[in-house]
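Asker: Submitted below is the structure of interest, expressed as structure tokens.
The values are calculated or read from the model by the stated rules, or taken from the named source; none is laboratory data. The model shown is predicted, which means the values in this text are computed figures rather than measured ones. In this analysis, Cβ positions are derived from the backbone assuming ideal geometry, glycine residues included, and neighbour counts consider all displayed protein chains. Surface areas here come from the heavy atoms of the whole protein model, side chains and all, with no ligands, DNA or RNA. Shrake-Rupley method; radii C 1.70, N 1.55, O 1.52, S 1.80 Å.
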Amino acid sequence: MASKALTTGSHSRNGYRFSVFDDSDEENGDCNIQQQRKHNDRAFSLAGSVASKDFEEQKPFNYNEEKGKGNQEKRSLMSNDIGEDEFLLAESRQPLCRKVPIASSLINPYRIVIVMRLVVLVFFFHFRITTPVHDAFALWIISVICEIWLSLSWVVDQFPKWFPMTRETYLERLSMRFEREGEPNLLAAVDVFVTTADPLKEPPIITANTVLSILSVDYPVDKVSCYVSDDSASMLLFDTLSQTSQFARIWIPFCKKYNIEPRAPESYFSQKVDYLKDKVHPTFVKDRRAMKREYEEFKVRINVLVAESQKKPEEGWVLQDGTPWPGNNTDNHPGMIQVCLGSAGAVDIEGKSLPRLVYVSREKCSGYQHHNKAGAMNSLLRVSAVLSNAPFVLNLDCDQYINNSKAIREAMCFLMDPLLGKKTAYVQFPRRFDGIDDSDRYANHNSVFYDINMKCLDGIQGPVYVGTGCVFNRQALYGYKPPTEKRQKTGFSCCCCCSDDSRSELDFEEIDDVFEDSDEQEKSSFMSLKVFEKKFGESPVFIASALMEDGGLPKGTNTQILVKEAIHVISIGYEEKTEWGKEIGWLYGSTTEDILTGFNMHCRGWKSVYCMPERAAFKGSAPINLSDRLHQVLKWASGSTEIFFSGYCPLWYGYSGKLKWLQRLAYTNHVVYPFSSIPLLVYCMIPAICLLTGKFILPTLTSLASIWLMALFISIILTCVLELRWSKVNIQDWWRNEQFWVIGGVSAHLFAVFQGLLKVAGLDTNFTVRTKSADNAAFGQLHVFKWTTLLIPPTSIVILNMVGIVAGVSEAINSGYNSWGLLFGKVFFSFWVIVHLYPFLKGLMGRQNRTPIIVVLWATLLALIFSMIWVRIDVFLPKKTGPVLSQCGIEC
């Protein structure tokens with residue numbers, strides 16, 4: 001496979017080899033592999049300084065100010081003939097964002113109905129518990145237990161929805177405050193993390209598009225650094241990023257010249273819109289046609305790399321200069337860093353500077369626990385701290401491209417706000433997807449969660465972290481607590497005054513002087529180097545960067561030392577005996593490290609913000625076939641059960657912190673929801689059992705009981721209608737969410753519970769990377785059928801209910817007119833189950849309504865089993881209460 005010529009060097013450390021790639025000559029693409037320096041060759045000095053920003057010195061603002069009042073002030077200023085400079089100055093001092101509560105006319109009826117529904121539930125359960133069904137006592141008590149569990153699950157989910165809200169941002173004020181003409185740009189720098197694990201399941205062209213959308217974002221180029229983590233140490237991805245960095249030289253100027261959206265070329269060229277709308281530049285059509293041709297050639301080059309990667313040589317991959325590729329053994333390889341863009345002299349075709357692009361592959365060794373995505377994110381956090389140290393961090397999945405080029409600016413309106421920013425741990429954006437069928441058969445949009453639940457959490461302590469599309473405050477990731485009014489925030493700067501082979505020790509006397517006004521507990525944590533190393537690891541360079549609140553690198557820093565240090569902080573043994581993964585960075589212990597990490601930040605008192613710009617900030621791919629979707633839900637549910645059985649369970653963790661009770665209730669719901677699968681599964685089988693046995697879970701209803709039952713149904717309907725009214729979620733999205741809650745509940749959630757129990761017993765289960773599709777065909781994966789054991793429970797439920805309906809109708813025909821009334825209630829509940837599983841049935845049919853043979857055989861087997869059970873119930877035989885048959889005594 002073609003690649004840049006590399007010169008290699010190595011240094012033995014703990015028996016393992018470390019490699020460094022540093023693109024020092026960007027024009028010819030030469031790369032140098034430098035030696036890993038020894039542990040004791042350290043020379044760094046650190047000087048404490050109190051850091052402050054211009055906007056921190058400004059007077060506080062009123063966040064409840066109405067937008068109309070702001071417009072009135074503008075008119076007043078202009079009418080009083082105040083100069084333009086004074087007007088701009090006054091405008092720049094306004095808040096960068098504001099809360100927009102839901103109108104009381106929309107939210108108050110919703111709250112009233114919730115209270116009414118709770119009251120109705122109390123009376124309903126009083127009726128259910130005090131009127132047992134003696135001839136079906138087992139079914140009755142099981143159904144009551146299931147109903148109580150599911151009702152409590154609804155209460156836990158419903159209470160955090162009491163304070164929904166939205167937010168507005170003011171991008172013009174952000175620009176006026178931090179990008180004043182003739183002055184240095186004061187916008188904060190941002191490090192962007194992209195993680196990949198398998199270039200075969202995550203096609204390189206998808207990762208390339210994500211990287212290109214990052215590099216061309218509407219933000220100062222010297223403020224953006226993109227770090228790509230490759231956990232497979234694949235030369236395919238390495239070469240792909242090399243090709244991407246070359247294509248970026250022409251793509252970035254094109255995007256910024258014509259202000260195109262989105263800035264991922266695959267999405268831009270494939271969108272079916274009028275691309276000439278609002279375009280007035282005479283050369284646009286010509287340049288667009290040329291750029292599309294360049295992109296198609298770029299895709300062909302990537303396809304060539306993918307084709308070549310399928311035929312790995314016996315001796316392994318080698319670079320152009322004959323050097324073996326260090327990642328030939330994916331399970332045992334040294335750490336690798338390649339600076340693809342950002343070195344001196346790296347410019348685009350117009351001679352302008354380019355953002356930084358860095359390839360990172362952390363060291364791997366058999367026998368070590370690498371903690372999957374969370375471990376990769378922590379490696380990127382340390383590498384970026386050493387090389388660029390931006391105060392804010394954006395993390396994206398490799399298939400999650402930037403759809404709105406101003407997305408980072410949207411986040412900065414919160415994180416750089418004088419009042420809100422210092423207490424905000426992260427800004428979470430909703431996940432949006434491309435390539436989903438119009439009916440959204442498997443609820444991939446997840447609108448109820450992103451457009452209802454997350455808005456409601458934003459009114460408490462903030463939304464949960466969902467793993468991607470999130471901009472973090474780096475200080476929150478380091479385990480710090482948010483600033484308080486009593487504590488003076490401090491920053492640190494360090495200067496490198498050493499050669500390549502030496503580093504000076506930290507001057508902790510200066511650190512002590514800086515913290516003399518801090519509280520005793522915090523002061524004691526900064527008293528010795530051992531305390532720092534126990535928390536952050538043995539890297540004075542990283543420790544110095546972690547103490548710089550406002551980020552950035554010290555002046556005069558030696559780049560060679562930083563690159564060596566970056567290799568050191570991604571070594572396999574760096575995190576041993578430290579707090580990484582426990583209190584610092586992305587936390588370990590669950591496949592859903594996102595929920596765990598956000599929960600820990602909220603426990604320390606941080607807040608989070610939910611940002612929903614009019615144009616979606618990020619878009620990605622979603623699994624649109626049934627099997628992949630169920631496996632995705634299985635991963636999320638498994639992570640929740642892992643948290644439940646861990647020491648971080650919201651039921652007992654963090655009571656000494658500052659987590660609000662409604663926020664704790666929301667997190668509790670996030671970790672206990674898989675356990676609702678057990679009562680849900682039983683409740684979906686009860687209607688069929690009632691039909692097969694002739695029993696029912698309800699006694700004969702009195703007039704009062706009928707009223708409470710009707711009131712319950714009406715309250716459920718009103719709750720849904722009013723929720724859709726204030727959230728503006730359409731009825732189809734809500735109904736798809738309800739259907740897939742049942743489908744996922746009786747399949748993926750159920751398996752997740754058993755996997756969690758197996759893990760507690762010491763039997764671990766491995767997570768596999770979901771395959772991302774690069775297929776351009778519309779909904780090409782929708783009808784793909786993949787057999788998985790997750791399909792067994794819902795298939796069994798469908799067959800059982802169908803057999804039950806047939807058995808119930810047959811028995812009613814034999815029993816006469818009086819049995820039809822009771823049959824109606826039983827059949828209604830069976831149809832309720834089948835209707836909820838309808839998208840599952842369509843998924844089983846595959847393309848052109850043809851059911852796969854394996855499903856036909858399995859369903860036939862179950863149908864025969866249940867048919868024999870039905871016959872065993874003797875529904876065809878006369879009942880004891882029927883007419884007595886005896887011989888008449890007459891011989892005919």
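Asker: Starting from the amide H of ASP417, placed 1.01 Å from N in the peptide plane, find each other amide H under 5 Å away whose residue is 5 or more places distant or on another chain.
Answerer: When sequence neighbours closer than 5 places are left aside, there are no close amide H contacts.
Asker: Next question, about the same structure. If we sort 301-314, 200-213 on the protection proxy, mean other Cβ atoms within 10 Å, highest first, what's the order? Intermediate results must be reported in sequence, preceding the final value.
Answerer: Numbers: 301-314: 13.4, 200-213: 23.9.
Ranking, from highest mean packing down: 200-213, 301-314.
Asker: Please compute the per residue accessible area over the stretch 591-662 with all protein chains in place, 1.4 Å probe, rounded to a whole number of Å². Walk me through the intermediate numbers first.
Answerer: On the way: 2490 Å² over 72 residues.
So the stretch 591-662 comes to 35 Å² accessible per residue, rounded to a whole number.
Asker: Separate question: Could you state the number of Å between the C-alpha centres of the stretch 192-253 and the stretch 164-181?
Answerer: So the two Cα centres are separated by 28 Å.
Asker: How far, in nm, would the chain grow between PHE831 and LYS728 when pulled straight, counting 0.36 nm per residue and subtracting the alpha carbon separation? Provide the component values of the computation, followed by the final result.
Answerer: On the way: separation 103, 0.36 × 103 = 37.08 nm, distance 2.87 nm.
Result: 34.2 nm gained on full extension.
Asker: Take peptides 587-594, 564-571, 796-803 and line them up by average Cβ neighbours within 10 Å, highest first, as a rough protection proxy.
Answerer: Working: 587-594: 22.8, 564-571: 24.8, 796-803: 21.2.
In descending order of packing, they fall as 564-571, 587-594, 796-803.
Asker: Moving on to the next point. When the solvent-accessible surface of protein heavy atoms is calculated with a 1.4 angstrom probe, in what order do PHE137, PHE542, PHE159 fall, highest first? Don't jump to the answer; show the numbers that get you there.
Answerer: Details: PHE137 105, PHE542 0, PHE159 80 Å².
Listed by decreasing accessible area, they come as PHE137, PHE159, PHE542.
Asker: Excluding ligands, DNA and RNA, what is the solvent-accessible area per residue of the stretch 244-326 at a probe of 1.4 Å, expressed in Å²? The partial results should precede the final answer.
Answerer: Working: 4840 Å² over 83 residues.
Solvent-accessible surface per residue comes out at 58 Å².
Asker: At a probe radius of 1.4 Å, what is the per-residue accessible area of TRP734, in Å² to the nearest 10?
Answerer: Only protein atoms counted, so the area is about 40 Å².
Asker: Sticking with this structure for a sec: In square nanometres, what is the average projected area of the Cα convex hull of the stretch 102-257?
Answerer: Details: hull surface 71.4 nm².
Mean orientational projected area (the stretch 102-257, Cα hull): 17.8 nm².
Asker: With every protein chain left in place, what is the accessible area of LYS277 in Å² (1.4 Å probe, nearest 10)?
Answerer: The accessible area comes out at roughly 130 Å².
Asker: Using the Karplus equation 6.51 cos²θ - 1.76 cosθ + 1.60 (θ = phi - 60°), what ³J(HN,Hα) coupling, rounded to whole Hz, does each residue of the stretch 691-696 give in order, writing x for Gly and Pro?
Answerer: Using θ = phi - 60°, the values come out as 5, 6, 9, x, 9, 8 Hz.
Asker: Provide the packing ranking of 331-340, 712-721, i.e. peptides ordered by the mean count of other C-beta atoms within 10 Å per residue, highest first. Display every interim value, and only then the final one.
Answerer: Details: 331-340: 22.7, 712-721: 14.9.
Order by mean packing, descending: 331-340, 712-721.
Asker: Could you work out how much longer the chain between THR131 and ALA307 gets when fully extended? Use 0.36 nm per residue separation minus the Cα distance between them, nm to one decimal. Walk me through the numbers before you get to the answer.
Answerer: Working: separation 176, 0.36 × 176 = 63.36 nm, distance 6.95 nm.
In short, 56.4 nm is gained.
Asker: Sticking with this one: Calculate the spin-label point distance for GLU296 paired with ILE349, positioning each point 7 Å from the Cα along the beta-carbon direction, and give it in nanometres.
Answerer: Computed distance between label sites ILE349 and GLU296 equals 1.6 nm.
Asker: With the Cα gyration tensor of the stretch 398-480 in hand, give its eigenvalues times 5 under a square root as the equivalent ellipsoid semi-axes, listed largest first in whole angstrom.
Answerer: Details: eigenvalues 137, 46, 27 Å².
One finds semi-axes of 26, 15, 12 Å for the stretch 398-480.
Asker: Oh, and also: Quick one: net charge of GLU294's neighbours, Cβ under 14 Å, K/R +1, D/E -1? Let's see the in-between values first.
Answerer: On the way: positive: ARG249, LYS286, ARG288, ARG289, LYS292, ARG293, LYS299, ARG301; negative: GLU266, ASP287, GLU296, GLU297, ASP348.
Result for the neighbourhood of GLU294: +3.
Asker: Hey, another quick one. Rounded to the nearest 10 Å², what accessible area does VAL833 show when all protein chains are kept and the probe is 1.4 Å?
Answerer: 0 Å²
Asker: To continue, here is another question. For the stretch 378-428, with every protein chain kept in place, what is the accessible area per residue (1.4 Å probe, Å²)?
Answerer: On the way: 590 Å² over 51 residues.
Result: 12 Å² of accessible area for each residue.
Asker: If you rank MET165, MET685 by how much accessible surface each has, with a 1.4 Å probe, what is the order from largest down? Please list the in-between numbers first.
Answerer: Values: MET165 20, MET685 65 Å².
Ranked from most to least accessible, the order is MET685, MET165.
Asker: On the protein heavy atoms, probe 1.4 angstrom, tell me the percent of accessible surface of the stretch 575-648 carried by carbon and sulfur.
Answerer: On the way: 1100 of 2150 Å².
Whole-percent figure for carbon plus sulfur exposure: 51.
Asker: Let me ask another. Under the classification rounded if a/c is under 1.5, otherwise prolate if a/b is larger than b/c and oblate if not, where does the stretch 305-364 fall, given a ≥ b ≥ c as square roots of the Cα gyration tensor eigenvalues? Present the calculation step by step, with values, prior to reporting the outcome.
Answerer: On the way: a/c = 2.80, a/b = 1.86, b/c = 1.51.
Cα axes put the stretch 305-364 in the prolate bin.
Asker: I would also like to ask the following. How much net charge surrounds ALA264 when only other residues with a Cβ under 12 Å from its Cβ are counted (Lys, Arg +1; Asp, Glu -1)? Intermediate results must be reported in sequence, preceding the final value.
Answerer: Details: positive: ARG263, LYS619; negative: GLU261, GLU266, ASP399, ASP434.
Taking every Cβ under 12 Å from that of ALA264, the sum is -2.
Asker: Can you list residues from other chains, or at least 5 along the same chain, whose modelled amide H is less than 5 Å from the amide H of CYS226?
Answerer: Distant-sequence amide H within range of CYS226: VAL192, ARG356, LEU357, VAL358.
Asker: May I pose another question? Subtracting the Cα-Cα distance from 0.36 nm times the residue separation, let me have the gained length for SER656 to GLU576 in nm, one decimal. Write out the running numbers ahead of the final one.
Answerer: Numbers: separation 80, 0.36 × 80 = 28.80 nm, distance 2.69 nm.
Computed gain between SER656 and GLU576 is 26.1 nm.
Asker: Can you tally the net charge around PHE840? Count Lys and Arg as +1, Asp and Glu as -1, for every other residue whose Cβ sits under 11 Å from the Cβ of PHE840.
Answerer: +3
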